[in-house]
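The numbers here are math on the coordinates, done by the rules we state, and not lab data. Treat the numbers as computed from the prediction; the structure is a model and nothing was measured. Here the Cβ positions follow ideal geometry from the backbone for every residue, glycine too, while neighbour counts run over all protein chains shown.
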């Protein structure tokens, strides 16, 4: 059984424009404080982009299509890696230093002892 999907130029352009407009509307309504956590939480989408780019690259028949597919894989992989790097930096902002938790914890114990 052979299964083939052929997307013509106008249909591909329509899908691209629909995705771009939908993304613009959705991201435009996200408050600034939630933008980074939501984007770093959606790194799986970048993985799907890489899978789609690999699929396009494997089905490329001309050198131009292969170059575009290779470029798409590189951009998608870079986007995924950058998303995880941003996530790591964001999570590091919430980490406390090694000495600081002991002081805060010791202060909390002292404060509780004074109340009792």
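Annotations for the structure displayed:
- The range 39-97: relative contact order as a whole-number percent, Cα under 8 Å and 6+ apart: 44
- Square roots of five times the Cα gyration tensor eigenvalues for the range 39-97, Å: 32, 9, 5
- Packing order of peptides 53-61, 26-34, highest average first: 53-61, 26-34 (average count of other Cβ atoms within 10 Å over each peptide's residues).
- Peptide ranges 10-18, 72-80 listed from the most packed, as the mean C-beta count within 10 angstrom indicates: 72-80, 10-18
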